[in-house]
Each structure stands twice: as C-alpha cells, then as structure tokens.
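Trainee: I am attaching a structure below and will ask some questions about it afterwards.
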Amino acid sequence: MLHLLAIGTLVGLGLLTLAVLHRALAVDSAPLLVLPHASGRVPQQHALSRYHPRWYAASVVFLAFDVEMLFMYPWAVVVEDLGPGAVIEMFGFLAVLLAAVAWARREGAFRWA
C-alpha cells in the first residue's frame, strides 16, 4: 500500500511539474508580442520550423571543407620547417577527403532538387 502511495505521489508531482513547465514555456499568442518589431515583414512561417533535408547535407559538406581549412592553416605556417613529409601527409589527407566527396557524389548527396 505504501508503494502505491509513493508511486501516486511521484506521478502527481511529475504531472504538476509538466503543467508548470507548459505554462512557463508556452508561446504567447498576444498579437503585440508576435508581430515583427524592426524588420516590418510579417513572417511566413514559425521561426523554429524545420529546414528541408537537402540543406542538412549541404551543411555537412560545408563543415567538412571548413574543418579541412582548420587543419590546413596551421599546416601552411609550419610546412617549410617540417619538410617534404608534411606535404606528402597533406596530400594524403586531401586524397581521403576527395574520396569522401566522390563517394558522396556517387550516393547522390549533391543532388539538391
């Protein structure tokens, strides 16, 4: 009997917590707070609406090339000190990246429509 009372109390507290959070985090639909302030354009959709899935692939490709640049800038500063081995390693890195781009192209990741 004591277990049922404890479970009932926990369920009640959980529901109370959800109700309080719902009230605190609910989007207010008051027109004066929802209308645009400085831009003057009424939004066509909600600000948190999802993007089309093709843009996720585009952003991943952008991040791959962006991370490549993060590796290449410090490498370019010290390449003269490291010698020809560093150049060979960078070409190996670029070959792996090019193989990944070729695979993504073959899989159709660059077809935007």
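The values are calculated or read from the model by the stated rules, or taken from the named source; none is laboratory data. Bear in mind the structure is a predicted one, so any value in this text is a computation, not a measurement. Every residue, glycine among them, receives a Cβ derived from its backbone with ideal geometry; neighbour counts consider all protein chains shown.
Trainee: When only residues in the stretch 77-87 that are in a helix (DSSP H, G or I) and exposed (fewer than 10 other Cβ atoms within 10 Å of the Cβ) count, which is nearest to the chain's Cα centre (by Cα)? Can you show your working first?
Mentor: Looking only at the stretch 77-87, we keep the residues that are in a helix (DSSP H, G or I), and these are 77-82, 84-87.
Remaining after also requiring exposed (fewer than 10 other Cβ atoms within 10 Å of the Cβ): 77-78, 80-81, 84-85.
Working: VAL77: 31, VAL78: 32, GLU80: 37, ASP81: 37, PRO84: 37, GLY85: 36 Å.
Only one residue tops the list, namely VAL77.
Trainee: Within the stretch 30-76, count every residue that is modelled with pLDDT under 75 and assigned to a helix (DSSP H, G or I).
Mentor: 6
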